[in-house]
Amino acid sequence: MIYNAKKTERKWQDIWEEGGVFHAKYNIDKQKFYALVEFPYPSGAGMHVGHIKAYAGLEVISRKRRMQGYNVLFPIGFDAFGLPTENYAIKTNLHPRIVTDNNIEKFSEQLKRIGFSFDWSRVIDTTDENYYKWTQWIFLKMFENGLVFKDKALVNYCPSCKVVLSNEDSQGGKCDICHNDVVQKSKDVWYLRITEYADKLLEGLEEVDFLPNIKLQQVNWIGKSTGAFVRFDIKGIDEKLQVYTTRPDTLFGATFMVIAPEHPIINKYSEKIENMAQLQEYRKECAKKTEFERTQLNKDKTGVKIEGLKAINPVNNEEIPIYISDYVMMGYGTGAIMAVPAHDERDYEFAKKFGIEIIEVIKGGDIEKEAYPGDGEMINSGFLNGLTNKNDSIDKVIEFLEEKNLGEKGVQYKMKDWAFNRQRYWGEPIPIIHCEKCGIVPVPYNELPLRLPEIKDFEPGKDGESPLARIESFVNCECPKCLGKAKRETDTMPQWAGSSWYFLRYIDPDNNSEFANEEKLKYWMPVDWYNGGMEHVTRHLIYSRFWYRFLYDIGQVPYKEPYAKRTAQGLILGPDGDKMSKSKGNVVDPNEVIDEYGADVLRSYVLFMGDYEKAAPWSESSVKGCKRLVDRVYNLYEILTDSKNYSKELESSFHKTIKKVTLDIEALKFNTAIAAIMTLLNEIYDKGSITKGEMKALLIILNPFIPHVTEELWEMCGFDGLLANAAWCSYDEEKCKDSEIEIVIQICGKIRERIMISANSSSEEAIEKAKSLEKIAEAIKGKTIVKEIYVSGKLVNIVVR
RNA sequence: GCCGGUGUGGCGGAACAGGCAGACGCAAGGGACUUAAAAUCCCUCGCUGGCAACAGCGUACCGGUUCAAGUCCGGUCACCGGCACCA
């Protein structure tokens, strides 16, 4: 029989959809399982095989859990605001709304062609005003709670996309969207105070089940460090220069200070500074460098001494020079450091280059050769001399500083506040009004959604201004407070806004009075299992945990953490082993695979191709292996017999396979689960027939992987109802065990023989039987037996001398 | 530079928690069926030697622990990912 995948798959997709088979129903009497996959950005390029792999994992788990009786919520939606769509719209002269609608339609069709068991009744689209109304609502709540502020500061700016970027969006000094170099620019920026949540985000990690490397990456990204703030007097001026240091214990060794080129103190005291022109020259040079050059290429220290200003070391009143150098960043700590060349590598290098004194304050290294960052006995350190414990020294210094009000304990984070405005059209308008009288006024809640105005020209404005700034009917408005003339904020939110809470909306997508009903949130949250890409660990995954935690703090959601468990799939590489990319021409189109082999083949291949969590190259020929699997399954119908039970020969194999598949699926070991079923299939064909009972079990355990062909066979066999609604197979632990097992006999660890013995043989019996073998007896004859080992069910090892 | 991960046949990958290395699949070779091809089915398939039974070697490299190491320990190398002058 030839299996017609195209016709059959379509048939079942229609039946599932019409029957609402995968619709999740709010039912508090049933154990819920909320499986979440990262909703796609509907780009014009269509789906990528990577999407299929990312979704196929939880798809299999969801189908299995449904069969096991869970009330499964497995939703899908579209994260549709963002630059690529807007850029495409500009290029093709279409409205982003139309581009988005087209792309969503295309994606939906593709996703349905794969037969994913998503609940299509809950689809969300972040660009829908009924959705972004609530994105804006949460933003206003944050505003109300002091988590939104405006600042003019140096920010990451992408000259090519013409937008301000957050730290997360410019990792490695590259724009996340176009991958061009990011520059530092001084701009007015709206920030979300995510740093206020740094500790909560760290603590929350302790109670969730995330892959260890995901946790670690988040911990590193948040980058918490503890230390102290220390204020240095500046000689002759009533001004203190504050630094942050993790090593206050080395304060006696501070022989100079360094401030960032952008540090405000330079302009403030420009009159006192004797070499201002030289400093300006240096600052200009620094400004020219990209972040990349400044941090990566230019490890060679440069800098200029500030003539006319001297700092005073608070512990010994020594006058020390102040330098500007771009190895100190304005964006971290206070933009100024105390330099201890003897015990910090960078300061050492700088001191050597500029001929500055190096004072050893901790014994243990050789400061003639290099800086010594380790521990040891304190020397040359006044009241610290003789101490050997770093923490004791730190405590003592801080005590000293606090007494004189010259410093205190402090904490710093690498994570920065979230630069939240984008100077573009295709995003949620920021619901803020600027009033000359009242200042910054939030848009009243009852005016939400603040809709994006219809416009024709989406080109970003000059000087990095949003296209919305040109729409007078949008800009000019009434101040909600004083009713006077006012202007709207014209920037929009970043792409990450809508995705920061979408998992909450799935729970109650049509709710018009709140973002989601409290009781429903209590039932469905937290997400039981969230799977997605590693690239989101320090972006979306941080942002959404922040938003959710904020909603928890204001009593809007029931639990502290949104995701109980988080895993990540590995990439699918091109057939050449490189990352798939358009420019390399190694991208595999899922549509083509489906056209040629069918969705079941595609689904099973992306799971069978290797370890789910690791990257693996696509192989056209290996896909055929899965094609054979589907055909072989279909052709089982021809060797079907009437018996309702397991056959004697295969009973144990079935129990073992069911057990393995049941456990492997939950461990994301889809490749070995499928391999086990292939092995069973080989046994069935070797035997030459399959009973109805066996067929039933086989179809059930295969269904999550290849749902169409199994559903078809289920119907052909005349089994009740839909396979999708059938109950998962149970297995009998006792029947997974063999009564007779093969063990190997080793002499000194080398295999010499294999025998079958009864599974419950004692150690003595097994060893006796081994020794009675001709070959073994021969081998040990005349030798002393040093040791005899029996590993139950595995081997006998006889050690002789 | 720092942190994390990985390294197994021609290829993708298996191997519970130290106990038969290479499951399953692909590719390749041989055969059956066919006028022929495709599809399907059967056999072989880590390397070396041997007609064979079998023997020796083999999980990046060097060393160690153990009756026994892909797995544990110490060191080296390579590749991948993250961070990157974070004071």
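The listed peptides A:730-741, A:788-799, A:469-480, ordered by packing as a protection proxy, come out as A:788-799, A:469-480, A:730-741 (highest mean of other Cβ atoms within 10 Å first). Close amide H partners of A:Asn275, meaning residues 5 or more places away or on another chain with modelled amide H under 5 Å apart, are A:Glu307.
Leaving out ligands and nucleic acids, and using a 1.4 Å probe, what accessible area per residue does chain A come to in Å²?
On the way: 35530 Å² over 801 residues.
So chain A comes to 44 Å² accessible per residue, rounded to a whole number.
Pairs of alpha-carbon atoms within less than 8 angstrom and 6+ residues apart define the contacts here; what relative contact order does the range A:230-352 have, in percent? If you can, show how the numbers build up before the last one.
On the way: 209 pairs, mean separation 49.1, N = 123.
In percent, rounded to a whole number, it is 40.
Taking the Cβ of A:Asn380 as the center, what net charge do the other residues with Cβ under 14 Å away carry, scoring Lys and Arg +1 and Asp and Glu -1? Here the count lands on -4. Site pair A:Gln31 and A:Lys150 shows an inter-label distance of 5.3 nm when each label is modelled 7 Å from Cα along Cα→Cβ.
Please give the length that would be gained between A:Lys644 and A:Lys692 if that part of the chain were fully extended, namely 0.36 nm times their separation in residues minus their C-alpha to C-alpha distance (nm, one decimal).
On the way: separation 48, 0.36 × 48 = 17.28 nm, distance 0.51 nm.
Contour length minus Cα-Cα distance gives 16.8 nm.
For A:Lys404, the lysines whose Cα comes closer than 23 Å to its Cα, not counting residues fewer than 8 places off in the same chain, are A:Lys235, A:Lys240, A:Lys310, A:Lys390, A:Lys396.
Entry note, the range A:1-138: relative contact order of 32 percent, from Cα contacts under 8 Å with a spacing of 6+ residues. Across the range A:326-338, rounded Karplus estimates of 3J(HN,Hα) from the backbone phi angles (6.51 cos²θ - 1.76 cosθ + 1.60, θ = phi - 60°) give 7, 7, 9, 9, 5, x, 10, x, 10, x, 9, 10, 8 Hz, Gly and Pro being marked x. Could you run the Karplus curve 6.51 cos²θ - 1.76 cosθ + 1.60 with θ = phi - 60° over the range A:791-798 and give me ³J(HN,Hα) per residue in whole Hz, x for Gly and Pro? Karplus values, whole Hz, x for Gly and Pro: 9, 3, x, 10, 6, 10, 10, 10. Derived scalar couplings between HN and Hα for the range A:583-590 equal 5, 7, x, 10, 8, 9, 8, x Hz in order, rounded to whole Hz, by the Karplus curve 6.51 cos²θ - 1.76 cosθ + 1.60 (θ = phi - 60°), x for Gly and Pro. Taking the Cβ of A:Ile745 as the center, what net charge do the other residues with Cβ under 13 Å away carry, scoring Lys and Arg +1 and Asp and Glu -1? Neighbour charge sum, excluding A:Ile745 itself: +1. Relative contact order of chain A, taken over Cα pairs closer than 8 Å and 6 or more residues apart, is 14 percent.
Take the Cα of A:Ala777, step 7 Å toward its Cβ, do the same at A:Asp611, and the gap between the two points is 4.8 nm.
Peptide packing: for A:651-658, A:720-727, A:40-47, the average count of neighbouring Cβ atoms within 10 Å per residue gives the ranking A:651-658, A:40-47, A:720-727, highest mean first. Listed by chain and number, the aspartates and glutamates placed with their C-alpha closer than 15 angstrom to that of A:Lys644 are A:Glu694, A:Asp720; residues fewer than eight positions away on the same chain are left out.
With all protein chains present, how much of the accessible area of the range A:561-650 (probe radius 1.4 Å) comes from carbon and sulfur, to the nearest whole percent? Summing carbon and sulfur atoms, their accessible area is 48 percent of the total for the range A:561-650. Relative to the longest principal axis of the Cα atoms of chain A, helix A:648-666 runs at roughly 10 degrees.
Would you please give the FRET efficiency between A:Lys584 and A:Lys288, computed as 1/(1 + (r/R0)^6) with r the Cβ-Cβ distance and R0 = 35 Å, to the nearest 0.05? Spell out each step's value before the answer.
Numbers: r = 33 Å, r/R0 = 0.94.
Using R0 = 35 Å, I get an efficiency of 0.60.
The helix-based estimate of mean residue ellipticity at 222 nm for chain A, built from -39,500 (n - 2.57) per DSSP H run of four or more residues and divided by its residue count, is -10500 deg cm²/dmol to the nearest 500. Cross-link list A:Lys150/A:Lys409; A:Lys187/A:Lys224; A:Lys32/A:Lys522; A:Lys305/A:Lys414: which exceed 18 angstrom alpha carbon to alpha carbon? Pairs exceeding the cut-off: A:Lys150/A:Lys409; A:Lys187/A:Lys224; A:Lys305/A:Lys414. Pairs of Lys residues in the range A:715-801 that lie 8 or more places apart, or on two chains, and have C-alpha atoms under 21 angstrom apart add up to 20.
In this structure, the amide hydrogen of A:Val163, modeled 1.01 Å from its nitrogen in the peptide plane, lies closer than 5 angstrom to those of A:Cys158, counting only residues at least 5 positions away or on a different chain.
Label positions at A:Asp395 and A:Glu620, each projected 7 Å from the Cα along the C-beta direction, are separated by 7.0 nm. Expressed to the nearest 5 percent, the antiparallel share of DSSP beta bridges inside chain A is 70 percent.
A:Lys644 sits among other residues whose Cβ lies under 11 Å from its own Cβ, and their net charge, with Lys and Arg +1 and Asp and Glu -1, is 0.
Shown for the range A:753-792: the carbon plus sulfur share of the solvent-accessible area, taken with all protein chains present and a 1.4 angstrom probe, equals 50%. Between A:Glu596 and A:Ser763, the C-beta separation translates, for a Förster distance of 60 Å, into a calculated FRET efficiency of about 0.60. Considering amide H positions built from the backbone, and no H for Pro or chain starts, which residues 5 or more places from A:Lys32, or on another chain, come under 5 Å of its amide H? Amide H neighbours of A:Lys32, under 5 Å, 5+ apart: A:Asn71.
The listed peptides A:512-522, A:594-604, ordered by packing as a protection proxy, come out as A:594-604, A:512-522 (highest mean of other Cβ atoms within 10 Å first).
The values are calculated or read from the model by the stated rules, or taken from the named source; none is laboratory data. The shown structure was predicted, so the numbers you read here are calculated from the model rather than taken from an experiment. Every residue, glycine among them, receives a Cβ derived from its backbone with ideal geometry; neighbour counts consider all protein chains shown. Note: areas computed on protein heavy atoms with side chains; ligands, DNA, RNA excluded. Shrake-Rupley method; radii C 1.70, N 1.55, O 1.52, S 1.80 Å.
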